[in-house]
Every structure is written in structure tokens, then in C-alpha cells.
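Chemist: Quick one: structure below, then a few questions.
The values are calculated or read from the model by the stated rules, or taken from the named source; none is laboratory data. These figures come from a predicted structure and were not determined experimentally. Backbone-built Cβ (ideal geometry, glycine too); neighbour counts: all protein chains shown.
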Amino acid sequence: MKLFCYGSLKRGKHNHDCLRGAEFLGTAYIGKGYNMYVTMLPYLVRERGGQGVLGELYEVNEETLRLCDYLEGHPIFYTRETVWVTDADSGQEIEAATYLYHHPIPNKLEPRREYV
């Protein structure tokens, strides 16, 4: 399964070890209609006017996916959902899972400017 990562699971971030053994497929972005907010945690949300978010795409096995689900608190804190992302190099549309946040954003922060 393909997994789109936008926060602490990305290379060089503190939870990237959860993806040990996963195949890095490249940089990708989720398009308009999504924003990322960051407090102590990154929150990817679907919302009108979203500018899109740049991230990384991985091929993960079931064991790695279960570990990521546990880390992300799926399905209570974040919800793993199927989305369409775009490969940043080829422009190809790819179906992938990602973790979305459906709770109110603390203090309605400004979206993080890590856009495409």
C-alpha cells in the first residue's frame, strides 16, 4: 500500500523510524482542498480553500501500516483515508493512504506554508 506522509514520518523527522524497511517512492503532493496546520503536531485537514501540501510517498507493508496506525492514533485521533496525490517528478496521480485530522484545529492557526 502507498502511504503519503506530510509530518513527523518524513525523512529526517523524529517518527521516520516507523517507516524503516518501507520503500521511498519520492516527493508527492496532495492538491488543493487540503491544508496542514502545525502546533506541537502536524494536522492535515480537508477544507475549502486549501492550498495543497508537499510530502513524501512510501510503499509500506501491513506490519508498517499497523505501526503507523498505532502512532497516529487511527481511527480516534487521526483517520487513515484514501486520497489522490501527485508525484512531484512525473505528475502522475497516485492513490495513497494518509492520516487526516477531523477535530477542531487548536486556536485556528494559519496553515503551514509547505505548499506545492
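Chemist: Counting only residues that are crowded, with 16+ Cβ neighbours inside 10 Å and among the aliphatic types (A, V, I, L, M), which one in segment 23-53 is modelled with the lowest pLDDT?
Modeler: M36
Chemist: Would it be correct to say that D69 is over 17 Å from D17 (Cβ atoms) and either of a type in the set (D, E, K, R) or in contact with a helix residue (DSSP H, G or I) (Cβ under 8 Å, 6 or more places away or on another chain) (or both)?
Modeler: It is false that D69 is over 17 Å from D17 (Cβ atoms) and either of a type in the set (D, E, K, R) or in contact with a helix residue (DSSP H, G or I) (Cβ under 8 Å, 6 or more places away or on another chain) (or both).
Chemist: Any residue at all in segment 57-71 that is farther than 12 Å from K2 by Cβ, assigned to a loop (DSSP other than H, G, I, E, B) and touching a strand residue (DSSP E or B) at 6+ places or on another chain (Cβ under 7 Å)?
Modeler: no
Chemist: Continuing with the same structure: Looking at segment 83-98, which of the residues that are farther than 18 Å from H16 by Cβ and within 11 Å of the chain's Cα centre (by Cα) is surrounded by the most Cβ atoms within 10 Å (Cβ to Cβ)?
Modeler: Across segment 83-98, the extreme among qualifying residues is V85.
Chemist: Scan segment 60-76 residue by residue and report those that are exposed (fewer than 15 other Cβ atoms within 10 Å of the Cβ) and under 14 Å from the mean Cα position of the chain (by Cα). Before the answer, list the steps.
Modeler: Start the filter on segment 60-76 by keeping residues that are exposed (fewer than 15 other Cβ atoms within 10 Å of the Cβ), which leaves 61-63, 66, 70, 73, 75-76.
Once the filter is applied, which keeps residues that are exposed (fewer than 15 other Cβ atoms within 10 Å of the Cβ) and under 14 Å from the mean Cα position of the chain (by Cα), segment 60-76 yields only G73.
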